[in-house]
Each structure stands twice: as C-alpha cells, then as structure tokens.
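Everything below concerns the one structure shown next.
Please treat every number below as a calculation from the coordinates, not as lab data. As the structure is a prediction and not an experimental result, all values here were calculated from the model. Methodologically, a virtual Cβ is constructed for each residue, glycine included, from the backbone with ideal geometry; neighbour enumeration extends over all protein chains shown.
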Amino acid sequence: PCLFAVNFKISNKADAQYNWPVVKAILNVMVIAALTFTVCFVCIILIYEGLHTSSLKIRFRQLQIQLFRALLVQFSVPLVFVCIPFGISFIIPAIGGDLGGLVNLFVLLFDFYPALDPFLVIIAIPR
C-alpha cells in the first residue's frame, strides 16, 4: 500500500517486506499522539475533580464550569472531526486495508469542523 508517497512495503509482490524505517516513524508519531491525548484526559479529570471539591464561591464556580465545558467542546470537536479521521487514514493503509469511500467522508469531516466548532461552543455555554 502507498499513502502520500510513503511506501510501507518495499515491493508489491506477495513476498514483499515492510519498509521498517517508515513503519517505525509512523509508530513513533502514534506514540507521541497517544501520550499527548493521555495528558489531556488526565488534565480533564483533575480539573473536573477540582471544580467539584474546592470551596469556591457559587458564582465563581459556575463561571469555571462554563469555561470548562467550553474548553471540553473545543478539545472534543477537533479530536472527533480531525484527529481521529486523520489517524484512521494513516492506520488503515499501513495495515494493508483500503480506504475506499471513507476518504470522501474524512474530507467532509475536515471541512465541517471549522463551521461547527463556534456553534458548539456557543451552545455549550448557558446564559
């Protein structure tokens, strides 16, 4: 399989061998992305627990919760509409699969994200 001019296999024959430097580079990027998302999820959990255990004034706590919701939406929307489809578009060809019509869906999701993000933030913050 070939993706963005990166050959995962050295030849297209049945006895083809994987191009290990390319595979290692992709695995390295995946590990870095996984660590980044792990840190993000740990921070989300710690902030959520901090908002519910601290002795803040009611109005200040409500403002902090609104900000937390807005930040959560701004984290989740790019994750769902950009990062996950982009990751899938690398992983499926790397394991020998065919993307087929998924490419059209991924392009649609990439284009839909900038228009959707502000509306979801506005909806996430109650008045």
Contour minus Cα-Cα span, VAL23 to ASP111, at 0.36 nm per residue, comes to 28.8 nm
Quick calc, the range 37-127, dipole around Cα centre from Cβ unit charges on Lys, Arg (+) and Asp, Glu (-), nearest 20 debye, gives 640 debye
Full extension between ILE58 and PHE75 adds, at 0.36 nm per residue less the Cα distance, a length in nm of 3.6 nm
Largest-first semi-axes in Å of the equivalent ellipsoid built from the Cα gyration tensor of the range 48-99 are 39, 10, 4
